[in-house]
Number of protein chains: 2
Amino acid sequence: MTARITTVHTLDVRFPTSRELDGSDAMNPDPDYSAAYVVVSTDDPDGHEGHGFAFTIGRGNEVQTAAIETIGSMLVGRPLDTTLEALGPLWIELVHDSQLRWLGPEKGVIHMAISAVVNALWDLRAKRAGLPLWQLLAGLTPEEIVDLVDFRYLTDALTRDEALAILRAAEPGRAEREATLRAQGYPGYTTTPGWLGYDDEKLRRLCREAVADGFTQIKLKVGADLDDDLRRMRIARETVGPDIRIAVDANQRWDVGAAIDWVRALTAFDPWWVEEPTSPDDVLGLAAIARGIAPVKVATGEHVANRVVFKQLLQTGALSYLQIDAARVGGVNENVAILLLAAKFGVPVCPHAGGVGLCELVQHLSMFDFIAVSGSMDDRVIEYVDHLHEHFVAPVVVRDGRYLVPTAPGAGAEMRPQTLAAYRFPDGAVWAGEPQRSAL
Amino acid sequence: MTARITTVHTLDVRFPTSRELDGSDAMNPDPDYSAAYVVVSTDDPDGHEGHGFAFTIGRGNEVQTAAIETIGSMLVGRPLDTTLEALGPLWIELVHDSQLRWLGPEKGVIHMAISAVVNALWDLRAKRAGLPLWQLLAGLTPEEIVDLVDFRYLTDALTRDEALAILRAAEPGRAEREATLRAQGYPGYTTTPGWLGYDDEKLRRLCREAVADGFTQIKLKVGADLDDDLRRMRIARETVGPDIRIAVDANQRWDVGAAIDWVRALTAFDPWWVEEPTSPDDVLGLAAIARGIAPVKVATGEHVANRVVFKQLLQTGALSYLQIDAARVGGVNENVAILLLAAKFGVPVCPHAGGVGLCELVQHLSMFDFIAVSGSMDDRVIEYVDHLHEHFVAPVVVRDGRYLVPTAPGAGAEMRPQTLAAYRFPDGAVWAGEPQRSAL
């Protein structure tokens, strides 16, 4: 009997992070980190489930969950093996659905829903293969990898043949790089010290701890008040010394002119990159800012809607660092496209993470990139924030400022059943005001 | 007692247009035109309601409706007068809500939901004023108009002072232009002949009828098959003669290189503009296409997510015609911003319409633009499609190829109660497979 996808179940899961001001920045004063969560189940006797989610920061998670329900319903009844073997064509089918694409196209809620579902299918495929996602991806042939990519709207910057050439050039060194990765892990940087809601003493303490923990880069949120930013940058620079990179993150706070002025005002403290200085849609504006603040660099990506916008950010030279997000663009497949674009343009990928579960997801993509695409870890770091990892079946492991390779089969999205029960909104114990308890 | 907003009610309304292939194009073979519909009610004794909707083409309308429910819930309990008097600050509050903006930001489902709700509030305000929306807007002072606009992310292209100067320059001629508009109406063009699903004989007949009806521009869908497009363009050009403009619309079908090649292949039949030749997110790609196909022009806008993308399309010179859509960007307020941007760059606005109700909505914006912003109807046309107008309380009136000024108070979105009952999905009579009937 052919095994099939039998159910696609969604859950609205929210964490009350606003109670501690974790995650507070100039645009997001009080986020409640949330996951519009999806579980793909099958009738295969192996019992594996695919888990995925879209990350949001609270209100609206119910809308995101509704969108995942709609996308997920398109999978029910499909044969399991042939579906998982053909995730490239499936991605195209979902993204270019002639009616659903009106809701984007390829952006916002409907695209993030595709991300959640696609990532859940990759989780399922990896579990069935008994491999962590990075290893599954890094074991595909160059032809299998390009078959994951939709080259529509990309061919003026990257053709299938060019992508194949990039992947083939990286093939000979794969085994050696995998060994390096297993031995050394992948560099991270930490955003833990820099949330706007923290007072100076907490900032100073967390900066010290970051250096002690082996990180060579930290990040500070900026953009609410220039005097505060100058004071906090001074504290951070004094605490970490001259050799630690300090990135700053404005979370889209500024217009083009204001971004240039503000970043220039901070240059005495040697900011390494400025992240999201303005609207993530403003390709020309980001390029103008990059020219205006050099040698300080621009990094952007966590809110970039899709590969078409990333293509342009690369074409204009706006980005010095490209920040993929595992759960905003259309999941693994589109991120493979973006990694290939970045490799073509020679721009290092430094993923956005943090939130809830984004570290768990995105590490796989950077490790795949190192082994099979760019072939480099130079000048590359994965964001790390030390929140909420305890909710995952296989939390990330960061030692001496580096992500250790995950070994559990899957894509990293699976939350513990106790978490899914307790944090379900609005009826989980955490939200009902009751003491947190394990319901499963 | 202060009157308040008491309920914001949503409805999933769908029309089975796919049964006749009305609306078929290269990317949308079988749309079911739909409205995620919203009604804002109050406890004011005047009994007025505000109606609005987001337009979709079928599947996913339930997601759009859920998003409107979320945005709408933010209005319940607010005082009526002060809310309607301050739609500029309200727009900013809704769009920049720190948690909800994660779902966009300013794009896709969540932004279209804001559009529906904001337009419903404008409908309510106009009804309470006893004025059609165009007249309400055209009666505001320049200061009141710029107060509707969020200049965030625009100031590198358009400042508040520049916008004020544009509006003040147009002030002296307002009364005269209003008289002209009342006497002559506003020019339209028709897309009715050109849907891909129609056979050649129907195309020829509808082209003849369009000219007989007084239209000076028609539009054909293209992009599925070049030989078909060449044959259909030949038929259309032979039927309408050399003096009628024929626009073509590819609905995002092509990559940059393919767009240039395809449009060049059609030049023997003198296409006036090519609409949506590629991804609406590809500012650089659209600019490259514009350079590659001149003197054929590029028109785009129905899927442009927000004013930030329009800003760049104007900055690069990609657009010869800017196609606002009444219900994709954040409603009236954001379209006022876009009209001001277009005026600054001297680009004519030729709105996207059709669908269901988009003609009814967008005519108000073009007429406001003529009276109070650009001051011109030259080289400007509003799209017209002769579908589904019978469902509206105040349907558009088009005579001799021109939109006559609407006189009913409101913004045009209100559907007949019989329609809302019969076409409600999935339980209305039309969808239950029963004979269509008036349920109210």
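The values are calculated or read from the model by the stated rules, or taken from the named source; none is laboratory data. Since this is a predicted model, take the numbers as computed values, not measurements. Using ideal geometry, Cβ is built from the backbone for each residue, glycine included, and neighbour counts are taken over all protein chains shown.
When each of B:298, B:283, B:256 is tested for being over 21 Å from residue B:355 (Cβ atoms) and surrounded by fewer than 24 Cβ atoms within 10 Å (Cβ to Cβ), the lone residue that passes is B:256.
With respect to the stated conditions, residue A:412 fails to be within 14 Å of another protein chain (Cβ to nearest Cβ), farther than 16 Å from residue A:163 by Cβ and not β-branched (Val, Ile, Thr).
Checked against (1) more than 12 Å from chain A (Cβ to nearest Cβ); (2) outside any helix (DSSP H, G or I); (3) basic (Lys, Arg), residue B:344 passes all but a single condition, namely (2).
Show the residue pairs meeting these rules: Cβ distance below 8 Å; 6+ apart or different chains; first residue within the stretch B:139-150 and among the small types (Gly, Ala, Ser); second residue surrounded by 18 or more Cβ atoms within 10 Å (Cβ to Cβ). Close Cβ pairs satisfying both conditions: B:139/B:131. Among the residues of the stretch B:358-379, those that are charged (D, E, K, R) and within 29 Å of residue B:36 (Cα to Cα) comprise B:360, B:369.
Looking across the stretch A:209-227, the residues that are farther than 13 Å from residue A:246 by Cα and either in a loop (DSSP other than H, G, I, E, B) or touching a residue at least 24 places away in the same chain (Cβ under 8 Å) (or both) come down to A:213, A:214, A:223, A:224, A:225, A:226.
Of all residues in the stretch B:384-413, those satisfying the criterion of being within 23 Å of residue B:300 (Cα to Cα) and in contact with a Gly (Cβ under 6 Å, 6 or more places away or on another chain) are B:384, B:385, B:401, B:402, B:403.
Do the conditions hold for residue B:325, that is, is it within 14 Å of chain A (Cβ to nearest Cβ), touching a Gly at 6+ places or on another chain (Cβ under 7 Å) and crowded, with 24+ Cβ neighbours inside 10 Å? Taking the combined requirement at face value, the residue satisfies it.
The condition (being out of contact with any helix residue (DSSP H, G or I) (no Cβ under 7 Å at 6 or more places or on another chain) and of a type in the set (Lys, Arg)) is satisfied by just one residue among A:182, A:174: A:182.
From the list A:361, A:365, A:341, the lone residue that is within 24 Å of residue A:139 (Cα to Cα) and touching a Gly at 6+ places or on another chain (Cβ under 6 Å) is A:361.
Out of (1) hydrophobic (A, V, I, L, M, F, W, C); (2) more than 12 Å from chain A (Cβ to nearest Cβ); (3) under 22 Å from the mean Cα position of the chain (by Cα); (4) not in a loop (DSSP other than H, G, I, E, B), the odd one out for residue B:109 is which? Of (1) hydrophobic (A, V, I, L, M, F, W, C); (2) more than 12 Å from chain A (Cβ to nearest Cβ); (3) under 22 Å from the mean Cα position of the chain (by Cα); (4) not in a loop (DSSP other than H, G, I, E, B), only one is false for residue B:109: (2). The requirement of being touching a strand residue (DSSP E or B) at 6+ places or on another chain (Cβ under 6 Å), over 21 Å from residue A:231 (Cβ atoms), outside any helix (DSSP H, G or I) and modelled with pLDDT of 95 or more is fulfilled nowhere in the stretch A:248-262; no residue meets it. Which members of the stretch B:18-45 meet the condition of being of a type outside the set (Gly, Ala, Ser) and over 23 Å from residue B:411 (Cβ atoms)? Matches in the stretch B:18-45: B:19, B:20, B:21, B:22, B:25, B:27, B:28, B:29, B:30, B:31, B:32. Please indicate, with yes or no, whether at least one residue in the stretch B:30-51 is within 9 Å of chain A (Cβ to nearest Cβ), in contact (Cβ under 8 Å) with a residue 40 or more places away in the chain, touching a Lys or Arg at 6+ places or on another chain (Cβ under 6 Å) and surrounded by 20 or more Cβ atoms within 10 Å (Cβ to Cβ). Yes, some residue in the stretch B:30-51 is within 9 Å of chain A (Cβ to nearest Cβ), in contact (Cβ under 8 Å) with a residue 40 or more places away in the chain, touching a Lys or Arg at 6+ places or on another chain (Cβ under 6 Å) and surrounded by 20 or more Cβ atoms within 10 Å (Cβ to Cβ). Filtered by the rule that a residue be within 12 Å of chain B (Cβ to nearest Cβ), surrounded by fewer than 22 Cβ atoms within 10 Å (Cβ to Cβ) and in contact (Cβ under 8 Å) with a residue 24 or more places away in the chain, the stretch A:71-85 gives a lone residue, A:73.
Conditions (1) aliphatic (A, V, I, L, M); (2) exposed (fewer than 15 other Cβ atoms within 10 Å of the Cβ); (3) modelled with pLDDT under 95; (4) over 23 Å from residue A:353 (Cα atoms), marked per residue:
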site: A:149; (1), (2), (3), (4): yes, no, no, no
site: A:154; (1), (2), (3), (4): yes, no, no, yes
site: A:162; (1), (2), (3), (4): no, no, no, yes
site: A:186; (1), (2), (3), (4): no, no, no, no
site: A:189; (1), (2), (3), (4): no, no, no, no
site: A:201; (1), (2), (3), (4): no, yes, no, yes
site: A:205; (1), (2), (3), (4): no, yes, no, no
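Residues checked against (1) in the same structural domain as residue A:402 (by TED's automatic domain parsing); (2) under 24 Å from residue A:396 (Cβ atoms):
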{"position": "A:151", "(1), (2)": "no, no"}
{"position": "A:155", "(1), (2)": "no, no"}
{"position": "A:169", "(1), (2)": "yes, no"}
{"position": "A:172", "(1), (2)": "yes, no"}
{"position": "A:179", "(1), (2)": "yes, yes"}
{"position": "A:182", "(1), (2)": "yes, yes"}
{"position": "A:185", "(1), (2)": "yes, yes"}
{"position": "A:197", "(1), (2)": "yes, yes"}
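If you go through the stretch B:349-364 one residue at a time, do you hit one that is over 19 Å from residue B:115 (Cβ atoms), under 15 Å from the mean Cα position of the chain (by Cα) and assigned by TED's automatic domain parsing to the domain that holds residue B:185? Yes, the stretch B:349-364 has at least one match. Selection of the stretch B:302-322 for residues being free of Cβ contacts under 8 Å to residues at least 60 places away in the same chain and either within 13 Å of chain A (Cβ to nearest Cβ) or within 10 Å of the chain's Cα centre (by Cα) (or both) yields B:302, B:303, B:304, B:309, B:310, B:312, B:313, B:316, B:317, B:318.
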